[in-house]
2 protein chains.
Amino acid sequence: MTPALPSESPAPRRRGRPPRTEGAADAPGARDRILAAARNEFAERGYDKTSIRGIAKAAGVDPALVHHYFGTKDQVFGAAVELILAPAMGAPDAVHGSREGAGERMARFIFGVWENPVTRLPLLAVMRSALTNEAAAAVLRGLIERRLLLRMAEELDVPDPEFRAQLAAGHIIGIAMLRYVIGMEPMASASVDDIVAVVGPTLQRYLTDDTI
Amino acid sequence: MTPALPSESPAPRRRGRPPRTEGAADAPGARDRILAAARNEFAERGYDKTSIRGIAKAAGVDPALVHHYFGTKDQVFGAAVELILAPAMGAPDAVHGSREGAGERMARFIFGVWENPVTRLPLLAVMRSALTNEAAAAVLRGLIERRLLLRMAEELDVPDPEFRAQLAAGHIIGIAMLRYVIGMEPMASASVDDIVAVVGPTLQRYLTDDTI
């Protein structure tokens, strides 16, 4: 939850020590700038080596402003991960609608996110942070549960929809690890079409078969 | 390749500066002690923060001896990863034999390795190193290719056996990420039997169906 700003109107100055960049608290886009800096810092340095101070410096603001907009380090991380995961949030929409082809739609959608380096690199940074730090893993877990898993389960008319969604997501995450992180051939050079052609039916079974 | 020791017999001292621990070069088990120290250092600190010096200190030997037995840092890392991956090397044997049930045997075998924290934690450390450092990813890739993938492909009587093996392995790696790293429920608390019951048929298709 974002703590409320004491004053939302641009004119009155806050009492006490002024922010490092005069007027930054009131500058439009300060919150967005902090969030973008947080995403970049976490993506480049990882969870452990990122600090509120480092984010503030990258955004050109006082650390107090980072706390003000976002709260603790874990809350900043959560906001940054939300931003990084945003492209993946369309997965429930991909599955929505006709049961036929749902598996292929999900596979194609998620591979689209992984194939684009602009969306892929921050996702890998989030995976790395989760592998390195339990607090980061917990933040990621909470976000996926609240923002992705529940919505995905709503789209699936099968028993144990959360388990089904995780079987499907797990499959694609693992293929992504081989393809983009370890770079194993032939997976690394296969076309997305070839991968979707074989993985799509697997996801179709997980997402739509009444008994698996 | 292990460079040859100038002298294998315990009695003659090496010329020049003596090793930090007198006689360590000749002590039985020095190589094993170094390898164990390397595995622990890489597992705890990760690839970037591990050094030949740190490994030598942990093993109680001179850094020159580490170079002597293993070579460069990447070669030490390769040896440590080979040790860490050793439990997983039985996967081709699990698939060997009757086509029927091959998928379930592979799933059960690999989950067995992941379920045991003694074998799981070093594997996660290797994944973390690969996610963090390209050189580490390249070492892991080469090892899996030479020691695991080729042998697995030999067991599979289907077109594109390497691709099939990677579809199967990718599926399990991704489930492992959700279950052990991110800790997503219900996957994290599901029984291995329940997971194998649904993933086994998927792997069966990948490993044995002539057309997928």
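Let me have the 222 nm mean residue ellipticity of chain A computed from DSSP H runs of 4+ only, each contributing -39500 (n - 2.57), with the sum over all residues rounded to the nearest 500. The partial results should precede the final answer.
Details: 11 runs with 134 residues, N = 212.
The helix contribution divided over chain A gives -19500 deg cm²/dmol.
Go from 0 up to the bin containing the longest alpha carbon distance in the stretch A:151-212, width 5 Å each, and give me the % of pairs per bin.
Spelled out bin by bin, the stretch A:151-212 gives 4, 18, 24, 20, 14, 11, 7, 1 percent.
Report the net charge of residues surrounding A:GLY103, where surrounding means a beta-carbon distance below 12 angstrom and charges are Lys +1, Arg +1, Asp -1, Glu -1.
Values: positive: A:ARG99, A:ARG105, A:ARG108, A:ARG164, A:ARG205; negative: A:GLU100, A:GLU104, A:ASP209.
For residues surrounding A:GLY103, the net value is +2.
Based on the Kirkwood radius over alpha-carbon pairs, what value in µm²/s does the Stokes-Einstein equation return for the translational diffusion coefficient of the protein assembly as shown at 20 °C and 1.002 mPa s?
Details: Rh = 23.8 Å.
Diffusion coefficient, whole number: 90 µm²/s.
What does the copy distance list look like for B:GLY97, label position 7 Å along Cα→Cβ, in nm and ordered from shortest?
4.8
Note the distances from A:GLU115 to each other copy's matching label point, with points 7 Å along the Cα-to-beta-carbon direction, in nm, sorted shortest first.
A:GLU115 label point versus its equivalents elsewhere: 3.8 nm.
Roughly how much of B:ILE212 is accessible, in Å² to the nearest 10, using a 1.4 Å probe?
Only protein atoms counted, so the area is about 60 Å².
Would you kindly find the accessible area of B:THR72, with a 1.4 Å probe and non-protein molecules such as ligands, DNA and RNA excluded, rounding to the nearest 10 Å²?
70 Å²
Which three semi-axes in whole Å describe the equivalent ellipsoid of the stretch A:84-212, each the square root of 5 times a Cα gyration tensor eigenvalue, listed largest first?
On the way: eigenvalues 100, 75, 30 Å².
Ellipsoid semi-axes (Å, largest first): 22, 19, 12.
Could you please point out the chain B residue with its Cβ nearest to the axis of the rotation taking chain B onto chain A, and the distance in whole angstrom?
Its Cβ sits closest to the axis: B:GLY174, 1.
Which Cα, out of B:VAL61, B:ALA79, B:ILE34, lies furthest along the positive dipole direction of the stretch B:30-84 (beta carbon charges, K/R +1, D/E -1)?
Positive-end residue among those listed: B:VAL61.
With the cut-off at 1.5 for a/c, could you classify the stretch B:30-84 from its C-alpha gyration tensor as rounded, prolate or oblate? Numbers along the way, then the final one.
Working: a/c = 1.36, a/b = 1.24, b/c = 1.10.
Rounded, because the longest to shortest axis ratio a/c is under 1.5.
If I model a spin label as a point 7 Å beyond the Cα along the Cα-Cβ vector, how far apart are those points for B:ALA86 and B:GLU134 in nm?
In this crude label model, B:ALA86 to B:GLU134 measures out at 3.2 nm.
Where in chain B are the DSSP H helices whose C-alpha atoms run 20 Å or more along the long axis and whose mean Kyte hydropathy is at least -0.5?
Numbers: long enough: B:30-49 (24 Å, -1.05); B:117-132 (22 Å, 0.92); B:161-176 (23 Å, 0.64); B:192-208 (22 Å, 0.65).
The qualifying helices are B:117-132, B:161-176, B:192-208.
Say a label goes 7 Å from Cα toward Cβ at B:ALA135 in every copy; what distances in nm does this one have to the rest, shortest first?
Distances between equivalent label points, in nm: 3.0.
What quantity of accessible surface, computed with a 1.4 Å probe and excluding non-protein components, is buried in total between chains B and A, in Å² to the nearest 100? The partial results should precede the final answer.
Working: alone 11550 and 11540 Å², together 19570 Å².
Counting both chains, the buried surface is close to 3500 Å².
The values are calculated or read from the model by the stated rules, or taken from the named source; none is laboratory data. Please read these numbers as outputs of a predicted model, since none were measured by experiment. Cβ coordinates were reconstructed from backbone atoms using ideal geometry, including for glycine residues, and neighbour counts include every protein chain displayed. What goes into the accessible areas is simple: the full protein's heavy atoms, side chains included, and nothing from ligands, DNA or RNA. Shrake-Rupley method; radii C 1.70, N 1.55, O 1.52, S 1.80 Å.
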